[in-house]
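Colleague: Take this structure, written in structure tokens, and hold onto it; I'll ask about it next.
The values are calculated or read from the model by the stated rules, or taken from the named source; none is laboratory data. Computed from a predicted model, the values in this text were never measured in an experiment. Every residue, glycine as well, gets a Cβ built from its backbone with ideal geometry; the counts of neighbours run over all protein chains shown. Side chains included, ligands, DNA and RNA excluded: accessible areas come from the protein's heavy atoms. Shrake-Rupley method; radii C 1.70, N 1.55, O 1.52, S 1.80 Å.
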Amino acid sequence: MVMTASSLMPTVVIGAGAWGTALAIAMARNGHEVRLWGRDKEQLSRIAAERMNSRYLPEIIFPDTLKIEMDLEKSLEKCRHIMVSVPSLAFSEILHCIKPFLSEDIPISWATKGLTPHNGQFLHDTAIEILGPKHALAVVSGPSFAAEVATGLPTALTVASRDTAFAKALASALHGPALRAYTTEDVLGVQVGGTVKNVLAIAAGICDGLGYGANARAALLTRGMAEIMRLASVLGAEPETMFGLSGMGDLILTCTDNQSRNRQLGLAIGSGLTVDEAVSKVGKTVEGMHAAREVLLRAQQAGVEMPIVEQVCKILFEGYDPRKSVQALLCREQKAESPVIGKS
């Protein structure tokens, strides 16, 4: 059977947070049958009764084809595609939960950005390790805030899969009047861009919170992009991907708009709050904080210098003064600019 958008339905979206709900809404608006499941039963009951996710996306009424599913096993019985949208900390656990209920032909996608905690694995490798090699896998990424997708504001995403038929079918399921979906086979590159940009957004927030101005922010984004490019190149990703939606596009969005939780965290730290106070103020999962150590570990293992990421880690986990971290970056040895390869 040829894989099409319709053949992926019904889709089960696992994760009833802002992003999982927004993606479920987007597919349902295209007339596709979508089921939404989350762990918080009380929240799911409220969502089902109100036909909206008032906690994360208030006032956005669900399409009729979007159903709330209370029982995970039941929701997976007749589904033809599973999309996971949970924090990276919960990604492995969710895959272990669904594994007993999967047939080998069920394709799996995820909209999670980050690395597997403690070992720094890319989520694609973790998915293969847990589920085996027979499932078609895809990553959904790109510059996208959940509220804007759910509201129907123009957005572009990338669907990355080594199974081109799955990538095209999933992109078609997502593609609508206000949502444009592109495809790529560079699964690794999309994951690198989607992960590292969150760490750099914390740095951008710190920079702006300190009041260092637009010049400093532009320099940080440019040199941050160089760090992404170096890591991606050494790991074997396609350079072109880093200049696409999941690379430069997502970096610009997350580093410059205050809807970004990662930027919010950095702003709070830069304004003088402690890390714990800043985390409490944001009040939601900040993926960049979870990814920072793992990104630095991968960079060190690959022999890649990532000085901005290194300073973010020192601020987050070693109590470094943000002003001293900025000064440490400014005092690095003067050298020729090499934005793609070489040392920063």
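Colleague: Six or more apart or on different chains, Cβ under 6 Å: which pairs go from a residue in region 262-289 that's farther than 13 Å from residue 315 by Cβ to one that's among the polar types (S, T, N, Q) and open to solvent by 30 Å² or more (accessible area, probe 1.4 Å)? Could you list them?
Modeller: Every condition considered, the pairs that remain are 282/264.
Colleague: For residue 156, which of the numbered conditions (1) over 18 Å from residue 61 (Cα atoms); (2) part of a helix (DSSP H, G or I); (3) among the aliphatic types (A, V, I, L, M) fails to hold?
Modeller: All conditions pass for residue 156, except number (2).
Colleague: Of the numbered conditions (1) outside the structural domain of residue 121 (by the TED database); (2) part of a helix (DSSP H, G or I), residue 150 fails exactly one; give the number of that condition.
Modeller: Just one mismatch for residue 150, condition (1).
Colleague: In region 186-207, is there at least one residue being assigned to a loop (DSSP other than H, G, I, E, B), in contact with a strand residue (DSSP E or B) (Cβ under 7 Å, 6 or more places away or on another chain) and touching a residue at least 40 places away in the same chain (Cβ under 8 Å)?
Modeller: Yes.
Colleague: Checking the condition touching a residue at least 12 places away in the same chain (Cβ under 8 Å), on the phi > 0 side of the Ramachandran plot, open to solvent by 10 Å² or more (accessible area, probe 1.4 Å) and not hydrophobic (A, V, I, L, M, F, W, C), which residue from 114, 132, 120 passes?
Modeller: 132
Colleague: Name the one entry in 289, 306 that is open to solvent by less than 60 Å² (accessible area, probe 1.4 Å) and in contact with an Asp or Glu (Cβ under 7 Å, 6 or more places away or on another chain).
Modeller: Result: 306 is the single residue among 289, 306 that is open to solvent by less than 60 Å² (accessible area, probe 1.4 Å) and in contact with an Asp or Glu (Cβ under 7 Å, 6 or more places away or on another chain).
Colleague: Okay, moving on. Say we look at region 45-70 and pick out the residues that are charged (D, E, K, R) and in a loop (DSSP other than H, G, I, E, B); which of these is surrounded by the most Cβ atoms within 10 Å (Cβ to Cβ)?
Modeller: 69
Colleague: Working only within region 160-193, note down all residues that are open to solvent by less than 10 Å² (accessible area, probe 1.4 Å) and more than 16 Å from residue 237 (Cβ to Cβ).
Modeller: Hits for region 160-193 are 166, 167, 169, 170, 171, 173, 174.
Colleague: Tally up the residues in region 237-253 that are under 14 Å from residue 160 (Cβ atoms) and either free of Cβ contacts under 8 Å to residues at least 60 places away in the same chain or in contact with an Asp or Glu (Cβ under 6 Å, 6 or more places away or on another chain) (or both), please.
Modeller: The total comes to 6.
Colleague: Being hydrophobic (A, V, I, L, M, F, W, C) and either assigned to a helix (DSSP H, G or I) or not assigned by the TED database to the domain that holds residue 316 (or both): is that true of residue 273 here?
Modeller: It is false that residue 273 is hydrophobic (A, V, I, L, M, F, W, C) and either assigned to a helix (DSSP H, G or I) or not assigned by the TED database to the domain that holds residue 316 (or both).
Colleague: Just the residues that are more than 15 Å from residue 19 (Cα to Cα) and among the small types (Gly, Ala, Ser), please, taken from region 60-88.
Modeller: Scanning region 60-88 gives a single hit, 75.
Colleague: Could you tell me which of the residues 236, 272, 266 is at pLDDT 95 or above and surrounded by 17 or more Cβ atoms within 10 Å (Cβ to Cβ)?
Modeller: 266
Colleague: Among residues belonging to region 71-89 that are free of Cβ contacts under 8 Å to residues at least 40 places away in the same chain and out of contact with any helix residue (DSSP H, G or I) (no Cβ under 6 Å at 6 or more places or on another chain), point out the one that is surrounded by the most Cβ atoms within 10 Å (Cβ to Cβ).
Modeller: So the residue we want is 74.
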